[in-house]
Every structure is written in structure tokens, then in C-alpha cells.
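Peer 1: Structure below; questions to follow.
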Amino acid sequence: QVQLVESGGGSVQAGGSLRLSCGASGITSSAYCLGWFRQAPGKDREGVAWNYSGRYSRGGGTYYADSVKGRFTISQDNSKKTLYLQMNSLKPEDTAMYYCAAVEGLDPWVPYCPRTASQYNSWGQGTQVTVSS
């Protein structure tokens, strides 16, 4: 059973930075994606960034929502099975609960990550990010 634990949220002023971490355990698949999603009050959960890991692919794959491209960076420490989200140039509209999610059983040769929350079956408890103007 996959377990995900997020940390690193907090309050910051606009233009500031935060780094989120997600410790993952129980992943056994040869190909999987770990992703960051966020949900603001009254809004649907939306994808932010995703990272693909595949046993036979030549490289991984990282993907970003248009709203965070150039500001957020997703990375993964495979030895620690830890996912990170470096968030720079934060805006008030980035305020949300941020969740780490995992989906296994993907193609181990072709880098690809699903983009929608419904396609992920393991979730962390979330960490709050608040950006003030």
C-alpha cells in the first residue's frame, strides 16, 4: 500500500518561495507517476506538476500546468523516494491545500503522466500554502 506524507507548507508573501516535500513508501511498480495537485476553497482539485519514473525508459519526464511553468520545479530523489516541489515567485492565486498523489502500473518504456486527479489512487493528507499580497 502506497503511503504519501507531505510537508513544507506555510505562509509567505507574494514573490516569495516555498519548498514542499512528499515522502513516498510502498511503491512497487516498474513505472509510476508522482504528482502535486492543489485545491483552493470552493474550487476543484487541479494538477500542478508531475514526475514520471519508468524502469526501462531512457529518461524520466516532468510536466507542469501552464499556470506554474517557469515558477515551480518538480524533482524526485529516487534513493529517498521523496518528491519535491520548489515554488518560486509565488502569487496569491497559488494559495491552496497542496496534495501529493501517486499512480502505478504505467508503461515502463514511455514517459507519460496522467493529468487529472481521478486517475491517481494514492493521496497524502495535504499541506497548506498561503500567499499574501
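The values are calculated or read from the model by the stated rules, or taken from the named source; none is laboratory data. Not measured: the values here are computed from a predicted model. With ideal geometry, Cβ positions are generated from the backbone for all residues, glycine too; neighbour counts draw on all protein chains shown. Accessible surface areas use protein heavy atoms only, side chains included; no ligands, DNA or RNA. Shrake-Rupley method; radii C 1.70, N 1.55, O 1.52, S 1.80 Å.
Peer 1: What percent antiparallel are the DSSP beta bridges of the chain, to the nearest 5?
Peer 2: Here the share of antiparallel DSSP bridges comes out near 90 percent.
Peer 1: Another question, then. What's the local net charge at Cys22, with K and R +1, D and E -1, over the other residues with C-beta under 10 Å away?
Peer 2: Here the count lands on 0.
Peer 1: Where does the charge balance sit around Ser132 when Lys and Arg score +1, Asp and Glu -1, over other residues with C-beta under 15 Å from its C-beta? Show your work: numbers first, answer last.
Peer 2: Numbers: positive: Lys91; negative: Glu93, Asp94.
Summing Lys/Arg as +1 and Asp/Glu as -1 gives -1.
Peer 1: Let me spell out the model: positive unit charges on the Cβ of Lys and Arg, negative unit charges on the Cβ of Asp and Glu, origin at the Cα centre of the chain. What dipole size does that give, in debye rounded to 20?
Peer 2: Working: 12 positive and 9 negative charges, 41 e Å.
Dipole of the chain, to the nearest 20 debye: 200 debye.
Peer 1: Note down the accessible area of Ser133, probe 1.4 Å, to the nearest 10 Å².
Peer 2: Result for Ser133: roughly 130 Å² accessible.
Peer 1: Sticking with this one: May I ask for the distance between the Cα centers of segment 71-133 and segment 1-57, given as a whole number of Å?
Peer 2: A separation of 2 Å, based on Cα centres.
Peer 1: Would you work out what percent of the accessible area of segment 14-133, with all protein chains in place, is carbon or sulfur (probe 1.4 Å)?
Peer 2: That fraction is 47 percent.
Peer 1: Starting from the Cα of Lys43, draw a straight line to each of the aspartates and glutamates and keep only those under 18 Å, dropping any in the same chain fewer than 8 residues away.
Peer 2: Within the straight-line cut-off, Lys43 pairs with Asp66, Glu93, Asp94.
Peer 1: Once you list every other residue whose beta carbon is under 13 Å from the beta carbon of Leu34, what net charge do they have if Lys and Arg are +1 and Asp and Glu are -1?
Peer 2: That works out to -1.
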